Amino acid sequence: DTGVSQDPRHKITKRGQNVTFRCDPISEHNRLYWYRQTLGQGPEFLTYFQNEAQLEKSRLLSDRFSAERPKGSFSTLEIQRTEQGDSAMYLCASSSEQGKLFFGSGTQLSVL
Amino acid sequence: GESVGLHLPTLSVQEGDNSIINCAYSNSASDYFIWYKQESGKGPQFIIDIRSNMDKRQGQRVTVLLNKTVKHLSLQIAATQPGDSAVYFCADTYGNNRLAFGKGNQVVVIP
């Protein structure tokens, strides 16, 4: 399977804990995106990388959230001091051209 | 229609009939539009895209229509199949790197 891979698929954590998610994009794609989706809503943009450079961040991305893409390949999204409102599906997508994104299956986060 | 809370606008369609899903966008400067299909527990899956210099584009069993005058986008699915049951999202972008997604439309195919 050469699609976008995300790990873990599910994460249950207690409020106040830190969590980290990983995304492996399609190998030839230089653009990588993180989105967040809550039940019944469309995905909301969080941040965007071109190669290893983080070029855009949404206002949704509070200072508890940090994303990296150190070698321009895989990316990690860390949430510190999780809150119940962080419970959502975290989606990663990659693309080789502007606009046409290919999504992974997401990491479902539940904060208790 | 408007979605309220967890209740998505739902289109129920008989297997074999055609489906039409509508989407309104707000940014008149948007230059690229895309439809995604999302099945339960999965990420959005690309269906078809269209640029603002076109008003119609066809794929396999799907057609996207763009009306820039009224800022309206539609997705037509021909001969709807049970595997088409999913939530469908439209998204648009203008010159930047983020897709803005609309509210989803649930399609339920009745066998």
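The values are calculated or read from the model by the stated rules, or taken from the named source; none is laboratory data. Predicted model, so just to flag it, every value in this text is computed and none were measured. Ideal geometry is used to build each Cβ from the backbone, glycine not excepted, and the neighbour counts take in all protein chains shown.
Of note:
- Note on the stretch A:21-56: residues that are more than 14 Å from chain B (Cβ to nearest Cβ) and exposed (fewer than 14 other Cβ atoms within 10 Å of the Cβ) amount to 2.
- Near pairs, Cβ below 7 angstrom, 6+ apart or cross-chain, from the stretch A:87-105 (within 7 Å of chain B (Cβ to nearest Cβ)) to any residue that is surrounded by fewer than 17 Cβ atoms within 10 Å (Cβ to Cβ) and hydroxyl-bearing (Ser, Thr, Tyr): A:104/A:5
- Of residues in the stretch A:63-86 being in contact (Cβ under 8 Å) with a residue 40 or more places away in the chain and within 13 Å of the chain's Cα centre (by Cα), the one farthest from residue A:25 (Cα to Cα): A:79
- Candidates A:81, A:59 - the one that is in a loop (DSSP other than H, G, I, E, B), more than 10 Å from chain B (Cβ to nearest Cβ) and at pLDDT 95 or above: A:81
- Considering residues of the stretch A:1-18 that are of a type in the set (D, E, K, R) and within 14 Å of chain B (Cβ to nearest Cβ) only, the residue farthest from residue A:83 (Cα to Cα): A:1
- Candidate set: the stretch B:48-63, residues that are more than 10 Å from chain A (Cβ to nearest Cβ) and over 14 Å from the mean Cα position of the chain (by Cα); chosen: the one nearest to residue B:84 (Cα to Cα): B:60
- Some residue of the stretch B:64-72 being under 15 Å from the mean Cα position of the chain (by Cα), part of a loop (DSSP other than H, G, I, E, B), of a type outside the set (Asp, Glu) and farther than 24 Å from residue A:29 by Cα: yes
- Condition met for residue B:9 (under 25 Å from residue A:60 (Cβ atoms), in contact (Cβ under 8 Å) with a residue 12 or more places away in the chain, within 14 Å of chain A (Cβ to nearest Cβ) and in contact with a Pro (Cβ under 8 Å, 6 or more places away or on another chain)): no
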